[in-house]
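Enquirer: Below is a structure I'd like to ask you about.
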Amino acid sequence: MRTCGVEIAGSEVLLCLLTKENDVFDIRDIRQTRFTLGNVGLDTQDMQKFQFDFAKLMQDYQVDSVAIRQRMPKGKFAGSATGFKMEAAIQLIADLDVRLLSTTEVKEQLKRNPVPIDFADTGLKKFQENAFINAYVYIQKKTYRPEE
C-alpha cells in the first residue's frame, strides 16, 4: 500500500509518501515535497497545471491513495479559497483514490494506533509532519477497517 499524505496549508500542498508492506512502514523519498500556488493561483491555467503536475507525481511514484485532512470551511482555522480549489483539483484526478480525513477521525486513529516512532527520527522535514500523520492514519484505517 503506497499512500501520499497531503496537508494543505494556505496556498501550499505539503506531501509525504508512506508505504506499508508486511507490517513494515517505509517513508519514501519523493522528488517534490510541496506545491505552492501564489495569490495568483486562482486562474484556470494555474489550477490545470497544478492538477497535471500532481497527477504526474502520483503516477510516477505509483501511489495507490491520497489522504488529505479536511479543513474547516469557516471559523478560526478555516481553509483559504486557494486551498479548497487545490483540494478539489486533487479529488478530481481520474483513477486516484483520494480520501478526506476529519480531525476527529485522525485523533481517534492515533489514540488506537499511536505512531511507533518519534517524528524527529523519521528524517522528514518539520513541515511534512501533518502530511506524514495523514498518510499513517489512512494506512492504519485501511489495515484495521478495510471495508471503508
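The values are calculated or read from the model by the stated rules, or taken from the named source; none is laboratory data. Only a predicted model underlies this, so the values are computations on that prediction, with no experimental measurement involved. Neighbour counts run over all protein chains shown; Cβ positions are idealised from the backbone, glycine included.
Enquirer: Does segment 86-103 contain at least one residue that is part of a loop (DSSP other than H, G, I, E, B), modelled with pLDDT under 85 and not hydroxyl-bearing (Ser, Thr, Tyr)?
Expert: Within segment 86-103, none of the residues are part of a loop (DSSP other than H, G, I, E, B), modelled with pLDDT under 85 and not hydroxyl-bearing (Ser, Thr, Tyr).
Enquirer: Looking for something within 19 Å of Leu15 (Cα to Cα) and touching a residue at least 60 places away in the same chain (Cβ under 8 Å) - is there at least one such residue anywhere in segment 90-109?
Expert: For segment 90-109, residues within 19 Å of Leu15 (Cα to Cα) and touching a residue at least 60 places away in the same chain (Cβ under 8 Å): present.
Enquirer: Let me ask you something else. Report yes if Gly38 is at negative phi and within 13 Å of the chain's Cα centre (by Cα), otherwise no.
Expert: No, not satisfied.
Enquirer: Yes or no: Val24 buried (at least 18 other Cβ atoms within 10 Å of the Cβ) and closer than 20 Å to Tyr138 by Cβ?
Expert: No; evaluated as a whole, the condition is false for this residue.
Enquirer: Identify, please: which residue in segment 118-148 is outside any helix (DSSP H, G or I), out of contact with any Phe, Trp or Tyr (no Cβ under 7 Å at 6 or more places or on another chain) and modelled with pLDDT of 90 or more and is, among those, surrounded by the fewest Cβ atoms within 10 Å (Cβ to Cβ)?
Expert: By that ranking, first place goes to Asp118.
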